[in-house]
1. How many residues does the range 118-128 hold that are surrounded by fewer than 16 Cβ atoms within 10 Å (Cβ to Cβ) and outside any helix (DSSP H, G or I)?
2. Taking residue 109 as meeting all but one of (1) open to solvent by 80 Å² or more (accessible area, probe 1.4 Å); (2) modelled with pLDDT of 85 or more, write down the number of the exception.
3. Any residue in the range 108-134 that is more than 19 Å from residue 155 (Cα to Cα) sitting within a Cβ distance under 7 Å of a residue that is assigned to a helix (DSSP H, G or I) and open to solvent by 50 Å² or more (accessible area, probe 1.4 Å)? List the pairs, counting only those 6 or more apart or interchain.
4. Looking at the range 129-144, which of its residues are open to solvent by less than 50 Å² (accessible area, probe 1.4 Å) and farther than 16 Å from residue 68 by Cβ?
5. Does the range 124-146 contain any residue that is under 13 Å from the mean Cα position of the chain (by Cα), of a type in the set (S, T, N, Q) and at pLDDT 90 or above?
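The values are calculated or read from the model by the stated rules, or taken from the named source; none is laboratory data. Not measured: the values here are computed from a predicted model. Using ideal geometry, Cβ is built from the backbone for each residue, glycine included, and neighbour counts are taken over all protein chains shown. Areas reflect the complete protein model, heavy atoms only, side chains present, ligands, DNA and RNA absent. Shrake-Rupley method; radii C 1.70, N 1.55, O 1.52, S 1.80 Å.
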Amino acid sequence: MTEPLLLVPPHGRDRDTEFAAFMASAAPALARTAWLLCGDVHQADELVQQALVRTYLAWDRAREREPLAYARRVLANQRVSTWRRRRREVLAAPDRLPERGVDGGQAVHDDRDQLVRALALLTPRQRRVVVLRHLEGLTEKEVADDLGISVGTVKSTASRALRQLREAMGDHDEDAPPAAGARDGGVR
């Protein structure tokens, strides 16, 4: 009989050592997700720390399944809780944000800036779905499981969010083929 594949080292290992190994491997991915969710490096660092603390406190339960998915869900939930608690976070209208000058080496930063501004236009749910689905590369089922919503909700939310992102980023190519899942030549 073969032994099941474990996602983390066996229980015989020290709990703290086991979590430290998980934290070292998961922290960069969590930091990227957190930054994409909130758009601010300092808030992202704080979110990652809070998510790792909560994951550590529930480590016995988290390690049973997939610890990274557990930590991502804690991260997304913590972002929503932080937003609700602070409520003083005010997103400025895109037309009120200062324009940046473009240097030859600044193209990558400008693209990232444009993406962050476009993501800021989305609702928190749309932003979480787009970040997890398209920037983290999770499947629709994984996103649904992480956020506790149905696959259909992931699909419809992603569709609306991507349409809004295309509009915000100036991607209005009428000659382009319709997006995946579009019916009758356009997304509804």
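1. Looking only at that region, the number is 1.
2. (2)
3. As it stands, the answer is 117/94, since those pairs meet every condition given.
4. Residues satisfying the conditions are 129, 130, 144.
5. Taking every residue of the range 124-146 in turn, at least one turns out to be under 13 Å from the mean Cα position of the chain (by Cα), of a type in the set (S, T, N, Q) and at pLDDT 90 or above.
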